[in-house]
Amino acid sequence: MRAAQVPEPGADFEIVETEIPEPDADEVRVEVEACGVCHSDVFTKEGQWPGIDYPRVPGHEIAGYVDAVGEDVAEWEAGDRVGVGW
């Protein structure tokens, strides 16, 4: 997948290709169609959130489709349209 990440606190964004992760048993994976970046992501970019690891892909407000579900997930199915906030 292609992602815009911050490699270290205060650095410029960089576009990277990474492997698509498989969801754990209690997780779903979402194919993101749109992602909002809000002011809290500025804190992430600038290294002002304590205790987070880098590189970091900001953006936590998304819309898309569930494209994989973990084996213990009963509430969602592949193809479900979803929106995720903070």
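The values are calculated or read from the model by the stated rules, or taken from the named source; none is laboratory data. Note that this is a predicted model, so its numbers are computed, not measured. Cβ placement follows ideal geometry from the backbone for every residue including glycine, while neighbour counts extend to all protein chains displayed. In case anyone asks, the SASA skips ligands and DNA or RNA and just uses the protein heavy atoms, side chains included. Shrake-Rupley method; radii C 1.70, N 1.55, O 1.52, S 1.80 Å.
Placing unit charges on C-beta atoms (Lys and Arg positive, Asp and Glu negative, everything else neutral), compute the dipole magnitude of the chain about its Cα centre in debye, rounded to 20.
Its charge dipole is roughly 440 debye.
Using a 1.4 Å probe over the heavy atoms of the protein chains, calculate the carbon and sulfur portion of the accessible area of segment 27-86 as a whole percent.
50
Just subtract the alpha-carbon distance of His60 and Gln5 from 0.36 nm times their residue separation and send over the number in nm, one decimal.
Value of the extension gain: 18.5 nm.
Over all directions, the average projected area of the alpha-carbon convex hull for segment 1-44 comes to how many nm²?
4.1
Using alpha carbon coordinates only, what is the Rg to Rh ratio of the chain, with Rh defined as the Kirkwood radius?
1.01
Taking the Cβ-Cβ separation of Ser40 and Arg81 as r and a Förster radius of 25 Å, what is the calculated FRET efficiency to the nearest 0.05?
Once the sixth-power term is evaluated, E becomes 0.50.
Which one, Gly51, Gly64, Gly36, has the greatest fluctuation when you compute a Gaussian network model over the chain with C-alpha springs under 10 angstrom?
For the chain, modelled as a Gaussian network with Cα springs under 10 Å, the answer is Gly51.
Going 7 Å from the Cα of Glu71 in the Cα-to-Cβ direction, what parts of segment 17-38 have a backbone nitrogen less than 14 Å from that spot?
Backbone N within reach: 23-27.
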